[in-house]
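J.: What follows is a structure written as structure tokens; I'll ask about it next.
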Amino acid sequence: MDIKTILQENPVIAATEQDQLAAAMASSVSAILLMYAKLTRLMEEAETFTQASKPIFVHTDLMNGLANDKESCRFLSRHIRPAGIVTTKGPMIRVAKKEGLLTIQRVFLIDSSSLQNTIRNVQENQPDAIEIMPGIAPSIIPYIKEQLSQPIILGGLIWTRKQVQEALAHGADAVSLSRSELWN
């Protein structure tokens, strides 16, 4: 399984918390970004990950109960078995890839300097996809696509169907949404 194939099925990704995981699984989204996960619940629900009909990515920066380091990534890979991780941290991307997990590097674009740093970091870390925050600035996507080959996911502050359509029209490969009313 690769991220490009996942996103071709449906460009909408659910960004959700554990309490909404069942609703996200029942929706038509192509994948799930699990935000604010708690280790104890991940352990209790580990079977959900191996039997899931959709790939589930754990956002390691927002996870409670494990440090956001190499060993936690190894633990997730071996005991929880998500499809992949989401993180802002390059070292986590590199370890996750060695563990056979798919990787999404989350980046925050606030100015030209952060854009150039993002391009350098992505080239260095080689994540499978990039999630750009905030998602309400899709006009920068063509420039990023000229520089990088990874699929581009826009996320953050996307509240309407029109914003979703605009992001996709500008070349985003997908959008990640926490608003469940937009999942379908």
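Read-outs: derived from the displayed coordinates by stated rules, not from any lab. Remember, predicted model here, so these are calculated numbers, not experimental data. Counting neighbours? That spans all protein chains shown, and the Cβs are built from the backbone with ideal geometry, glycine included.
J.: Each residue of segment 62-77 in turn: what ³J(HN,Hα) in whole Hz from Karplus with 6.51, -1.76, 1.60 and θ = phi - 60°, glycine and Pro shown as x?
T.: My calculation for segment 62-77 gives 10, 7, 9, x, 9, 5, 8, 9, 4, 5, 5, 5, 4, 4, 4, 4 Hz in order.
J.: Please give the contour-minus-distance gain from S149 to R161: 0.36 nm per residue of separation, less the Cα-Cα distance, rounded to one decimal in nm.
T.: 1.7 nm
J.: Can you check what the net charge comes to around R94, using other residues whose Cβ is under 11 Å from the Cβ of R94 (Lys, Arg +1; Asp, Glu -1)? Kindly include the intermediate steps, with their values, before the conclusion.
T.: Working: positive: K70, K89, K97, K98; negative: E99, E124.
Result for the neighbourhood of R94: +2.
J.: Ignoring everything except DSSP H segments at least 4 long, calculate the 222 nm mean residue ellipticity for the chain; use -39,500 (n - 2.57) per segment, divide by total residues, nearest 500.
T.: Roughly -10000 deg cm²/dmol at 222 nm, from the helical runs in the chain.
J.: A further question on this structure: Filter the DSSP H helices in the chain by two things, a Kyte-Doolittle mean of at least 1.0 and an axial alpha-carbon span of 30 angstrom or more, and list the hits by number.
T.: Span-like helices here: none at all.
J.: Too long at a 21 Å Cα-Cα cut-off: which of K4/K38; K4/K70; K54/K89; K70/K98?
T.: K4/K38; K4/K70; K54/K89
J.: Moving on to the next point. At R0 = 41 Å, how high is the FRET efficiency between A67 and E181 if r is their beta carbon distance? Nearest 0.05 is fine. Working shown, then result.
T.: On the way: r = 35 Å, r/R0 = 0.85.
For R0 = 41 Å, the calculated efficiency reads 0.70.
J.: Obtain the nm distance between the two label points defined at E45 and S139 by a simple spin-label model: each point lies 7 Å from its Cα along the Cα-to-C-beta direction.
T.: In this crude spin-label approximation the distance works out to 3.9 nm.
J.: Once the piece of chain linking N117 and R78 is laid out straight, how much longer is it, given 0.36 nm per residue of separation minus the C-alpha distance between them?
T.: Length gained between N117 and R78: 10.9 nm.
J.: For a Förster distance of 25 Å, can you work out the FRET efficiency between the beta-carbons of H170 and Q126, rounded to the nearest 0.05? List each step's numbers first, then the result.
T.: Details: r = 24 Å, r/R0 = 0.95.
With R0 = 25 Å, the Cβ-Cβ based efficiency is 0.60.
J.: Express in nm, to one decimal, how much length is gained between A26 and L109 on full extension, taking 0.36 nm for each residue of separation and deducting their alpha carbon distance.
T.: Answer, rounded to one decimal: 26.7 nm.
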